[in-house]
Amino acid sequence: MVISTVDLARELRVLVGRLRRRVKEVTDTYELTASQLAVVSRLGREGPATASDLAAAERVRPQSMAATIAALDERGWLVRRLDPGDGRKQWLSLSDTAREHLSDKQMREEWLCQALRDRYTDAERATIAEALELLGRLTQP
């Protein structure tokens, strides 16, 4: 059966929305925006970074990253440290509160991992991995 690109796009959008809602049901997301969640995840994975490093990594304007950082800072999710070599530069890292959120994120990932293990065969998981690689192109500039 051949599916039109219009139908494929619609089905993909609907499926991604359902999957996102299902994963969110597992734990509370603390009502973070996608940009805030991306910064928290990146700092959790890669460790301290400057605002300009984060803006470049997330491919956003420095002004947009400043707004994201301000919102996280207001929540108490960031710790700022001056760079010892350059007092104008600040390194951002996650606070204990943010790390607690990462624990919740890990619970969501564990649920998803278990669901993939329980509901799909090895061959089906390989197909999903191939599809993810292809779908990843949608996020590239």
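The values are calculated or read from the model by the stated rules, or taken from the named source; none is laboratory data. Worth saying up front: this structure is predicted, and the values here are computed from it rather than measured. Here Cβ is always computed from backbone atoms with ideal geometry, including for glycine, and neighbour counts include all displayed protein chains.
The table below gives the values:
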{"item": "Any hit, the stretch 35-47, residues being of a type in the set (D, E, K, R), part of a helix (DSSP H, G or I) and loosely packed, with under 11 Cβ neighbours inside 10 Å", "result": "yes"}
{"item": "Unmet requirement for Ser95, which otherwise passes all of (1) in contact with a strand residue (DSSP E or B) (Cβ under 9 Å, 6 or more places away or on another chain); (2) at pLDDT below 90", "result": "(2)"}
{"item": "Residue match in the stretch 65-84 (condition: touching a Gly at 6+ places or on another chain (Cβ under 9 Å) and not in a strand (DSSP E or B))", "result": "no"}
{"item": "Odd one out for Asp104, checked against (1) over 30 Å from Arg13 (Cβ atoms); (2) touching a residue at least 24 places away in the same chain (Cβ under 8 Å); (3) of a type in the set (Asp, Glu)", "result": "(1)"}
{"item": "Residue count, the stretch 33-57 (criterion: without any contact (Cβ under 8 Å) to a residue 12 or more places away in the chain and among the hydrophobic types (A, V, I, L, M, F, W, C))", "result": "4"}
{"item": "Complete set of residues in the stretch 1-19 that are surrounded by fewer than 10 Cβ atoms within 10 Å (Cβ to Cβ) and either touching a residue at least 40 places away in the same chain (Cβ under 8 Å) or among the charged types (D, E, K, R) (or both)", "result": "none"}
{"item": "Selection count, the stretch 111-141, where residues are surrounded by 10 or more Cβ atoms within 10 Å (Cβ to Cβ) and either under 15 Å from the mean Cα position of the chain (by Cα) or of a type in the set (Val, Ile, Thr) (or both)", "result": "3"}
{"item": "Among the residues listed as Arg59, Arg80, Arg75, Arg45, the single one being in contact with a Pro (Cβ under 9 Å, 6 or more places away or on another chain) and among the basic types (Lys, Arg)", "result": "Arg59"}
